[in-house]
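Accompanying notes for the structure given below.
Coordinate-derived values only; no laboratory data. Owing to the predicted nature of the structure, the values given are computational and were not obtained by experimental measurement. Every residue, glycine among them, receives a Cβ derived from its backbone with ideal geometry; neighbour counts consider all protein chains shown.
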Amino acid sequence: NLYADRFRWGPFGTVVAHISFVIILVGFFLSATTGFKNTQLVVPVGSTVQIGNGTGLSVKAMSFNDAYYPDGSPSDYASDLILYKNGAQVDRQTIRVNHPMKRDGVSFFQSFFGEAAAMKVTDAAGKTLYADAAALQWQSDDGKHSIGKFDIKSKGLSVYVIDVASGEVDPNIKAGQIQLEIDQDGKDAPIATQVVDQGKTTTIAGLSYTFERTRQYTGLIVTRDPGAPLVWVGSALLVLGLYMVFFFPHRRVWVRIRKTSGGSEILCASTMKRDVTFKGQFHRIVTDIERAGSPSGATQEAGQNDA
């Protein structure tokens, strides 16, 4: 009685594949519960923006530069960023498209850019209520105006900053001007709409608004995906497990030799379930045995019932 097998480790591919599914699910769970993705983080040059999501991180844009080919197509976008954690600087990098900054599992990708209006708002006592830049990141329905927004929470106000879009003309908003539309919480209509000149202070509804200047902003995609490494590992194990199952099936052959009155009887058997490719190989084994055992060296073709 003889027994031979090959690829006895092949069936473990099923175990590997099932484990990979568990690893992938754990990765998705981690990303869903502790990860985040912000595709519209706008940081005006000179401003600092909180990342939130329990990271303790904030990012400040020091500068933004864009370069173009002679045909006008963009060749490079670059943002000089300073990263703070709990108020202390922890990193500074110049990021570009496909060259992100990474820190504490959080990645910062360069995505878009535009213009922002630097504004300052004070009350009648001279107290500063707002001093930052409002990114003009939205477009009006007709595409003729760029729109930004900032809030004065202590007064319950939302201030919309409206400028003429590039290549468009509005006779009511000239070069060096912006239009402010001020909404009050609880009121359906704006409480005031007024055009403001750059560098000048205008009093609207008891508050002083100063349009200091325009400056650029950089648009970032910020992500934290703690489950990604597990998903990659699980995916690799899944491919490995499937490869083991389909390309390295466990193949077994039994051979029994019994004495008979006329010589010897050789019985060959194999399990060939779900292994169609082994059928031809098994028949070749039978043919080789017949050839080796035939006194005349003649071969007998293996039939369907040799097993």
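To the nearest 10 degrees, how steep is helix 12-34 against the longest Cα principal axis of the chain, on a 0 to 90 scale? The angle comes out at about 10 degrees. Out of the range 92-184, which GluC sites (Glu not before Pro) are coil in DSSP terms and have no more than 16 other C-beta atoms within 10 Å? Listed in order of number, the matching sites are GLU168.
ALA269 to HIS18: FRET efficiency via 1/(1 + (r/R0)^6), r the Cβ-Cβ distance, R0 30 Å, to the nearest 0.05?
Details: r = 30 Å, r/R0 = 1.00.
Efficiency computed from Cβ-Cβ geometry: 0.50.
A Förster distance of 45 Å, applied to the separation of the beta-carbon atoms of LYS102 and ARG284, puts the FRET efficiency at 0.20.
Partners of LYS37 within straight-line reach, counting aspartates and glutamates whose Cα lies under 14 Å from its Cα and excluding those fewer than 8 residues away in the same chain: ASP225. Proximity of backbone amide H atoms, modeled 1.01 Å from N, is registered between SER63 and ASP80 at under 5 Å, excluding neighbours fewer than 5 places apart on the same chain.
FRET efficiency for LYS174 and ILE221, Cβ-Cβ distance as r, R0 = 25 Å, nearest 0.05? Efficiency at R0 = 25 Å is approximately 0.10.
Of the chain, which part is the longest with no trypsin sites (Lys or Arg not before Pro) in a loop (DSSP not H, G, I, E, B) and with at most 16 other C-beta atoms within 10 angstrom? Looking at the chain, 9-126 is the longest stretch - no exposed trypsin sites (Lys or Arg not before Pro) with at most 16 other Cβ atoms within 10 Å. In this simple spin-label model, placing a label point 7 Å from the Cα along the Cα-to-Cβ direction at both ASP71 and ILE191 gives a separation of 5.3 nm. Length gained on full extension, ASN53 to VAL26, computed as 0.36 nm times the residue gap minus the Cα-Cα distance: 7.7 nm.
For the chain, the spherically averaged projection of the C-alpha convex hull amounts to 29.7 nm². Which of rounded, prolate or oblate describes the range 75-123 when judged by the alpha-carbon gyration tensor and an a/c cut-off of 1.5? It comes out oblate by the Cα gyration axes. Helix 278-293 and the long axis of the chain differ in direction by around 20°, with both axes built from C-alpha atoms.
The C-alpha atoms of the chain define a longest principal axis, and helix 228-247 lies at about 20 degrees to it.
Residue separation times 0.36 nm, minus the C-alpha to C-alpha distance between TRP254 and ALA88: what's the value? Present the calculation step by step, with values, prior to reporting the outcome.
Working: separation 166, 0.36 × 166 = 59.76 nm, distance 7.23 nm.
Fully extending the segment from TRP254 to ALA88 adds 52.5 nm.
Partners of LYS60 within straight-line reach, counting aspartates and glutamates whose Cα lies under 15 Å from its Cα and excluding those fewer than 8 residues away in the same chain: ASP80, ASP91, ASP132. Subtracting the Cα-Cα distance of THR214 and TRP138 from their residue separation scaled by 0.36 nm leaves 25.8 nm. Counting only residues at least eight positions apart within a chain, or on another chain, the lysines with an alpha carbon under 16 Å from that of LYS127 are LYS153, LYS155. The label point for LYS127 and the one for ALA236, both projected 7 Å from the Cα toward the Cβ, are 5.8 nm apart.
Amide H contacts of MET101 (H built 1.01 Å from N, in plane; Pro and chain starts excluded): PHE108 sit under 5 Å, all sequence-distant by 5 or more or on other chains.
Quick check: net charge around LYS120, other residues with Cβ under 13 Å of its Cβ, Lys/Arg +1 and Asp/Glu -1? Residues near LYS120 contribute 0 overall.
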